[in-house]
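Read through the structure below, which is laid out as structure tokens, and then see the notes.
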Amino acid sequence: MKVRSQVSMVFHLDKCIGCHTCSIACKNIWTDREGAEYMWWNNVETKPGVGFPTQWEDQEKYHGGWELNDKPKNPELKLKLQNRLQTFTNLFSNPAMPTMDDYYEPWTYKYGDLFNSPLGDDQPTARPISRIDGKPIDIESGPNWDDDLGGSNIYAVNDPLLATMSAEEKQRLFSIEQLFYFYMPRICNHCLNAACGAACPSGAIYKRAEDGVVLINQDKCRGWRMCVSACPYKKTYYNWSTGKSEKCILCYPRLESGQAPACFHSCVGRIRYLGVLLYDADQIEDALKVPDEQLVQRQRDMILDPHDPKVVAAAKESGVPDGVITAAQNSPVYQYVKEWEMALPLHPEYRTLPMLFYVPPLLPVLNATQPNGTQRVETDLFSSLENARVPVRYMSRTLAAGNDELVIKSYQKMIAVRIYKRAETVGDVTKEEADAALAKAGMTAEEAEAIYHLTSLPNYQERFVIPPYSREGDIEELYDPQQRKAEMGFGKRQGPQRGL
Amino acid sequence: MLEIMLFVVFPYVALAVGIVGTIYRYLTNQYSFTSLSSQFLENDLQFWGSTLWHYGIIPTTLIHLGGFFLPKLMFIMHSTPETLYLAELAGKVLGIMALVGAGIMLYRRLTVSKIREITTPVDWVILSLLFGQVFFGLILAFLYRWGATWFLHTATPWIESLTFFQPAPQYVTALPLAHKIHFLTGFLLFALMPFSRLVHIATFPFSYMWRRFQLVIWTRRKVV
Ligand code: HEM
Ligand code: SF4
Ligand code: SF4
């Protein structure tokens, strides 16, 4: 057993209000500079929808992630993008390279015209101009172009996941009064089997052993741009100005000083949780060589119980500091992912072992309106989940590689907690109904209370259990990492001039 | 005197500048080592330009190096008329590929406004020089045929003499002007390497052939 620690994340989608505060917090800190304007290390998409970049989930187009060969006896993992030899033949022109059109062309406005236009009969306007060549542009897409347009037959119909659903299921998603959509904030998943790193010809992408943050060494990146194609989540971005790829750094400078990443810290819906997971690195490969439906279970199996003395001993053996083990024992992520099995990884079938987990969105859960116009929590919702507006099939394609059961289980728990609390606080559900609901979801009243507390009432320290870092002892700071932050990003020493 | 300057001093200076400069740049500013790819901004011309260019120029460069340092092998490889003919043909095809590729890249930088925006003066210099270099190379190939053989009796001994620090410029001073221009531009390009994006050649990612897929790194601990 080789124990490693990973700073992992849970996003509780049922709480996301789609406000984009997280995206703005990130942009202001990290990507508000030339070459990075179009990058959204954190973005929030409306689902069903095309996402950002457009149709990123269509791996036939982008060739991201890993593939399992179809020999069950001798399973092998390979990058969907290319094998090692092809990496060399494709260096000069990457055939699966997304271009700026797949994202959007960043723009600003000619504000000067508002002041400098000659006197005339018309109001002066500030025309949009490209942030790249300064030419006037017609804005045709943006980072969040289909915001709130779930159900749109211009945008949402192009969601790649819909292709796998039956006509009837699709129709349900798009019919006016049944419309269903939700928000999905996305950052880099800081994967255990990162495809970005595996595809990098220079070996510039690495995982920090201390906390599992995946980083691109900007000094070693040579702009071969294979990571951009290989990441199935499209979370590495090519900086067109510096000729280097960049990605979410999980705000490691903030983590190292005990603060939550900016998107977590600023989240208005408080949907975000951060904590350490201990996992067995020896299992990585085998956990991925299984059929799609088993992937989530195998990933859960890899995650170790930090209270188990054997695990603690093995963790110490592997060099995990005591403080990190304590943090793992208090991790809210461990509770959601492992204890309660409510949080699921995004597209586990890409086989990168993403370490950001999502609690699926439940609202709108009510599918029956009472005659007097009030709504009542459906106590028999377990049996009628198929009829609920939440399309289980769509969620399982998103979060469980098609394994409906896992999603239903997660929903059952959420619904049981609701019924249980409703019986307690509102009283229009009887105690018996509540107990029956708990029994059906296979949980105790204590667990329901704990889920309720961590979902609805957690404070900052409960949401973010940041392990202690000792960077001041680990490194010597020879120069100020912030000196060029505004123009070039964190830790860079050269000015913003484009390379020779 | 001029000949000594051009065919002895200049090559040494160019090599020294190229090698020392590249190493110096690597040690002091590794961040600047990148291909500065612009594929993200424009994909279609880039595919044809970059592919033709690199698939033409890299074998051509390797064959030149072979001619300099493995002349015996090269000699054997075209010792019969058939192989000589093949070598001649291959050289021309590769050269034309490179020329067309460079032409497309130049055209692309001129006409695509986004690409022009990110083009530096040095980009213009090296791209034009490279275009000219390939152009003169093709002139030699078409006007002075059977280069595969005369190369081994002119350029090769000259480079060899420079390698062993017993410079013998007389091997090349009598050649026509087109040859001289081609030789000198070659060394000039080498000298320009540390001042241009050509440094991307120096960091060809050989280690990807064998390195493990996942890199997990501790601060101040051995890699696990
Ligand atoms: C050794 C292997 C080489 C590799 C892996 C390589 C790779 C690359 C890559 C990835 C680009 C960026 C293309 C883009 O996306 O815009 C590039 C551009 C370029 N390379 Fe290479 N290259 C190699 C060798 C060479 C050689 C030998 C030369 C010339 C002597 C050369 C000259 C150029 C030039 C001039 C450009 C700029 C083209 C433009 O955008 O205008 N390369 N190379
Ligand atoms: S999600 Fe992050 S770690 Fe995973 S492959 Fe993409 S960039 Fe790499
Ligand atoms: S800040 Fe929080 S609630 Fe708002 S969009 Fe981002 S994740 Fe959702």
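The numbers here are math on the coordinates, done by the rules we state, and not lab data. Computed from a prediction, not measured in an experiment: that's the story for all the values here. Cβ placement follows ideal geometry from the backbone for every residue including glycine, while neighbour counts extend to all protein chains displayed.
Entry note, chain A: relative contact order of 21 percent, from Cα contacts under 8 Å with a spacing of 6+ residues. Counted residue by residue at 0.36 nm each, then reduced by the alpha carbon distance between them, the extension gain from residue B:82 to residue B:10 reaches 22.2 nm.
Exposed loop sites are taken as chymotrypsin sites (Phe, Trp or Tyr not before Pro) in a DSSP loop (any state but H, G, I, E or B) with at most 10 other beta carbon atoms within 10 Å; the longest stretch of chain A without one runs A:112-478.
When only the Cβ of Lys, Arg, Asp and Glu is charged (+1, +1, -1, -1), the dipole of the range B:2-209 relative to its Cα centre reaches about 180 debye.
For chain A, the list of Cys residues with no other Cys C-beta under 4.7 Å reads A:16, A:19, A:26, A:191, A:200, A:221, A:251, A:267. Phi-derived couplings, Karplus 6.51 cos²θ - 1.76 cosθ + 1.60 at θ = phi - 60°, listed residue by residue for the range A:38-50: 7, 7, 10, 4, 10, 9, 10, 10, 8, 10, x, x, 7 Hz, with x used for Gly and Pro. The slack between residue A:17 and residue A:436, meaning 0.36 nm per residue of separation minus the straight C-alpha distance, is 147.7 nm.
Ordering A:145, B:45, B:102 by Cα displacement along the dipole of the protein assembly as shown toward the positive end leaves B:102 in first place; charges were set at the Cβ atoms of Lys, Arg (+1) and Asp, Glu (-1). Over the range B:2-209, Cα pairs under 8 Å with separation of 6+ residues give a relative contact order of 36 percent. Computed per residue of chain B from DSSP H runs no shorter than four, each worth -39500 (n - 2.57), the mean residue ellipticity at 222 nm is -21500 deg cm²/dmol. Modelled spin labels at residue A:444 and residue A:317, positioned 7 Å past Cα toward Cβ, are 3.1 nm from each other.
Simple rule: put +1 on each Lys or Arg Cβ and -1 on each Asp or Glu Cβ in the protein assembly as shown, find the dipole, and look at A:79, A:318, B:69; the Cα lying farthest toward the positive end is B:69. Which shape class applies to the protein assembly as shown: rounded if a/c is under 1.5, otherwise prolate when a/b exceeds b/c and oblate if not, where a ≥ b ≥ c are the square roots of the Cα gyration tensor eigenvalues? Prolate. Considering helices alone, the calculated mean residue ellipticity of chain A at 222 nm is -7500 deg cm²/dmol, with DSSP H runs of length four and up weighted by -39500 (n - 2.57) and normalised per residue.
Based on the reciprocal of the average 1/r between different C-alpha atoms, the Kirkwood radius for the range B:2-209 equals 18.3 Å.
The amide H of residue A:67, built 1.01 Å from its N in the peptide plane, has A:78, A:79, A:80 as neighbours under 5 Å, considering only residues 5 or more places off or on other chains. An oblate overall shape is assigned to the range B:105-164, the ratio a/c of its alpha-carbon gyration tensor axes (a ≥ b ≥ c) being 1.5 or greater and a/b not exceeding b/c.
Since only B:34, B:93, B:155 are under comparison, the one whose Cα sits farthest along the positive direction of the charge dipole of chain B, derived from C-beta charges on Lys, Arg, Asp and Glu, is B:34.
Dipole check for chain A: with +1 at the C-beta of Lys and Arg, -1 at the C-beta of Asp and Glu, and the Cα centre as origin, the magnitude is about 1120 Debye.
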